[in-house]
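Undergrad: Handing you this structure, nothing more for now.
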Amino acid sequence: MSDPVFTFPGGETVQPPEDDIFSADVFAGLGSMDVDEDPFAGMEPMAPFAGEAAASTTLVESGSTGTEPPAPDQAADKPPADSACQDPSQTPRAAKAGEEANPLLAAMDLQEAANARKAAEPIYAQLPLFSYNGNREPIEDLEQTFEQLRLSKLEDFPEFEEAQNLSWIVAYGSIEKKVADPYKEQIGNFKRSIESSKEFLADLKKSKDKHPKCIVKPTVRMQKKGTASGYKAAFLHMAEARASDKTIAFIPARDGQVYERRVNDAGEFLTPASNVTLLDEVKAGFTPSLPRIPYQLLEQALSLFRYLMNGSGQGRPLEALVHIYWDRQEKRYFLHVPEQTVGKESIEAVLEDEDLLDKTRYLHYADLHSHNDMPARFSRTDDRDERANRVYLVAGRLDRYFPELRARICNGGHFCAIPPEQVLEPIPTAQFPVQWLERIHTRPDCEAAA
């Protein structure tokens, strides 16, 4: 197609300049155009030519006569809608039916939309915020529904218990939308639906706040007694909790309990806490770093205990104490019997010879003492004596083939029972040959009874 020319009445033609508005160079420059910049700012609209001729000015290809008369219903003093003389600021972006699309305006629309989307990317990346009674917290799980969010906050805000009394509003900039179905609407999808609306983009352009927050706000229509205000955190000291802006706080106390502190306009509320999901679930116990004590060593100790229980010439059962050490160098356990004075229900051990052992090499891992033919239970005397951080074992009912065994740990003066098999190898067992069963027969009368 040849270069376009402007044809005026009388056959006069004018060649447009090389850098006219339809040139490729101008389109290439659109990529750097600011979306807020009016590309026609400062341009004065062209005045129509005087007389009837002005109405018939048209853009034609070279070789065309350019003498087509204007439409009969068009006013003589008003230029046609597609005339180059029309004020560009009044030109609609979308072409009307039957009109040619303006490539310049179409390119501007595409570029403006792309720039708007790119400029809004940091806003879209922000997490929505849960907001209630002065609390704000980012909502990280965008796939959860508003109902699931209600359930997750129920512990902190008991007034959320009745779902039918709770409504949700999402405020984003100056736009506020009510959540119609909290059970089905996902928070992330609801946020994106607002972001993709023309209303939201128009609000971004005219708003002074260029980084609006997406606020998820529950409203309780029928509020129950005992409303909590504020959000939660755990603190080591009460002074830290009181200095913070958290109105739900959990503080461990000297008595070993965790206390829950809540603050509202009425004052400070403080009670023992239970099932604090903010804190980790912790169970008392022992996790050994060493292998289990071999059964052979246990048998050696039990043989000593049984000898003393049978009187050993004293005429009465006696108790005894054995220390179990771990050799860090040789990676093995061994027994050590300290100097001791024993009786039927007591042991007085002399631990001076313990100092002769190299503590950098030998670890005092456990104590094992006997209760001769009595039950294997830790006594009050044991509680007073067994105060170091180690494992303690007691063996009782030594008059039986299988004695009783109990185990516990001491941690800072506090005791916790543990299963003996956690620190002791199990009693070895031997399987009988299966062929023995071939020689064992059941009596007929036993079969009938069965």
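The values are calculated or read from the model by the stated rules, or taken from the named source; none is laboratory data. Note that this is a predicted model, so its numbers are computed, not measured. Counting neighbours? That spans all protein chains shown, and the Cβs are built from the backbone with ideal geometry, glycine included. Side chains are part of the model used for accessible areas, which takes the heavy atoms of the whole protein and leaves out ligands, DNA and RNA. Shrake-Rupley method; radii C 1.70, N 1.55, O 1.52, S 1.80 Å.
Undergrad: Given segment 158-205 reduced to its alpha-carbon atoms as identical point scatterers, what log10 I(q)/I(0) does the Debye formula return at q = 0.28, 0.29, 0.32, 0.33 Å⁻¹?
TA: Each listed q corresponds, in turn, to -1.08, -1.12, -1.24, -1.28.
Undergrad: For THR429 and THR360, what is the calculated FRET efficiency with R₀ set at 45 Å and r taken between the beta-carbons, to the nearest 0.05?
TA: Once rounded, the FRET efficiency stands at 0.70.
Undergrad: State the percentage of accessible surface on segment 323-405 attributable to carbon and sulfur atoms; use a 1.4 Å probe and exclude ligands, DNA and RNA. Spell out each step's value before the answer.
TA: Values: 2320 of 4990 Å².
That share works out to 46 percent.
Undergrad: Along the Cα-to-Cβ line of LEU304, 7 Å from the Cα, sits a label point; which residues in segment 407-423 have backbone N less than 20 Å from it?
TA: Answer for segment 407-423: 407-408, 423.
Undergrad: Could you work out how far apart the two model spin labels at GLN164 and ARG400 are, taking each label as a point 7 Å from the Cα in the direction of the beta carbon, and quote it in nm?
TA: 6.1 nm
Undergrad: Can you give the alpha-carbon Rg of segment 159-280 over 2.2 N^0.38 Å, where N counts its residues?
TA: On the way: Rg = 19.3 Å, N = 122, 2.2 N^0.38 = 13.7 Å.
So the Cα radius of gyration is 1.41 times the expected 2.2 N^0.38 Å.
Undergrad: Oh, and also: Given q = 0.13 Å⁻¹, what are the Debye log10 I(q)/I(0) values for segment 365-410, with equal point scatterers placed on the Cα positions and solvent ignored?
TA: Here log10 of I(q) over I(0) equals -0.27.
Undergrad: What number, in percent, do you get for the relative contact order of segment 250-328 if the mean sequence gap of Cα pairs under 8 Å and at least 6 apart is divided by its residue count?
TA: Once divided by the residue count of segment 250-328, the mean separation gives 13 percent.
Undergrad: Shifting gears a bit: Over segment 164-206, average the accessible area per residue using a 1.4 Å probe and give it in Å², no decimals.
TA: 58 Å²
Undergrad: Right, another one. Based on the Cα coordinates of segment 400-450, what is the per residue volume of their convex hull in Å³? Intermediate values should be presented prior to the final figure.
TA: Values: hull volume 8.8 nm³, N = 51.
Normalising the Cα hull of segment 400-450 by residue number yields 174 Å³.
Undergrad: What's the magnitude of the charge dipole for segment 197-348 around its Cα centre, counting Lys and Arg as +1 and Asp and Glu as -1 at the beta-carbon? Answer in Debye, nearest 20.
TA: Value, rounded to 20: 1300 debye.
Undergrad: If one puts a single equal scatterer on every Cα of segment 241-367 and applies the Debye formula without solvent, what log₁₀ I(q)/I(0) results at q = 0.17, 0.21 Å⁻¹?
TA: -0.93, -1.21
Undergrad: While we're here: Can you sort THR277, THR429 by 1.4 Å-probe accessible area, starting with the largest?
TA: Listed by decreasing accessible area, they come as THR429, THR277.
Undergrad: Using a Förster distance of 41 Å, how high is the FRET efficiency between VAL258 and ASN189, based on the Cβ-Cβ distance and rounded to 0.05?
TA: According to the calculation, E is roughly 0.60.
Undergrad: When the solvent-accessible surface of protein heavy atoms is calculated with a 1.4 angstrom probe, in what order do TRP326, TRP436 fall, highest first? Kindly include the intermediate steps, with their values, before the conclusion.
TA: Numbers: TRP326 25, TRP436 140 Å².
Reading off the accessible areas and sorting them downward yields TRP436, TRP326.
Undergrad: If r is the Cβ-Cβ distance from LEU201 to ALA284 and R0 is 56 Å, what FRET efficiency results, to the nearest 0.05?
TA: 0.45
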